[in-house]
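Engineer: This is the structure I want to talk about, given as structure tokens.
The values are calculated or read from the model by the stated rules, or taken from the named source; none is laboratory data. Please read these numbers as outputs of a predicted model, since none were measured by experiment. All Cβ positions, glycine included, derive from the backbone under ideal geometry; neighbour counts span all protein chains shown. Each accessible area value is taken on the protein alone, full model and side chains, heavy atoms only, with ligands, DNA and RNA left out. Shrake-Rupley method; radii C 1.70, N 1.55, O 1.52, S 1.80 Å.
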Amino acid sequence: MTETTMEVSSEEDLTLTSLYAGSDKRPNAIMAVFGDGSRWTYRDGLRVARRAGDALVASGVGEGDHIGVLLPEGPAAVGARLGICMVGAALVSLDAGTAGRALARALQLAHPALVISTGTFIERIRAVDGPPILDVVELFGGR
């Protein structure tokens, strides 16, 4: 498995409805296995989604806001997406290979209220004078 792969028990496991149901009925069952070897139970997935949702609300995100995600695939990206769903915001998925004018254009068209990102991706957003940035570390309470 490569770092960008994720296996889930079924496609339904990536919805909030199945996440709630799974955490009630089988909280310790494995929901996802990521390419880096990390695993999430349904309980883990719901905890991460709630934590991300709370951080987004604390950052001023509300229902219907467009939220960009510029992260490599993996647990942080999945957690960010679940958090966005938790608050009823709209996901704007930005390709990790995008930079410069292409990124500026994508941000102009999507007009996200903020972008969740990390590391060198943050520098790409700043280079194009993009929207406010929520570092993935802040999203999951690392600071």
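Engineer: Hey, among R105, R143, which residue is within 28 Å of S23 (Cβ to Cβ) and either modelled with pLDDT of 95 or more or surrounded by fewer than 20 Cβ atoms within 10 Å (Cβ to Cβ) (or both)?
Structural biologist: The match here is R143.
Engineer: The conditions are (1) touching a helix residue (DSSP H, G or I) at 6+ places or on another chain (Cβ under 9 Å); (2) open to solvent by less than 20 Å² (accessible area, probe 1.4 Å); (3) within 22 Å of L19 (Cβ to Cβ); (4) touching a residue at least 60 places away in the same chain (Cβ under 8 Å), and G68 fails exactly one of them. Which is it?
Structural biologist: Exception for G68: condition (3).
Engineer: Residues D24, D44, D36, D13: which one is of a type in the set (D, E, K, R), open to solvent by less than 50 Å² (accessible area, probe 1.4 Å) and at pLDDT below 90?
Structural biologist: On the way: D24 fails: open to solvent by less than 50 Å² (accessible area, probe 1.4 Å); D44 fails: at pLDDT below 90; D36 fails: open to solvent by less than 50 Å² (accessible area, probe 1.4 Å).
After ruling out the rest, the residue left standing is D13.
Engineer: Within the group R101, R51, which residue is charged (D, E, K, R) and over 20 Å from G141 (Cβ atoms)?
Structural biologist: When all the criteria are applied, what remains is R101.
Matching residues to (1) closer than 15 Å to G64 by Cβ; (2) assigned to a loop (DSSP other than H, G, I, E, B); (3) polar (S, T, N, Q):
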| position | (1), (2), (3) |
| --- | --- |
| I84 | yes, no, no |
| V92 | yes, no, no |
| R126 | no, no, no |
| D129 | no, yes, no |
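Engineer: Quick check, is E63 at pLDDT below 90, surrounded by fewer than 17 Cβ atoms within 10 Å (Cβ to Cβ) and not hydrophobic (A, V, I, L, M, F, W, C)?
Structural biologist: So E63 fails the test.
Engineer: A further question follows. Which is among the β-branched types (V, I, T), part of a helix (DSSP H, G or I), in contact (Cβ under 8 Å) with a residue 24 or more places away in the chain and touching a Leu at 6+ places or on another chain (Cβ under 9 Å), of V57, V61, V48?
Structural biologist: After ruling out the rest, the residue left standing is V48.
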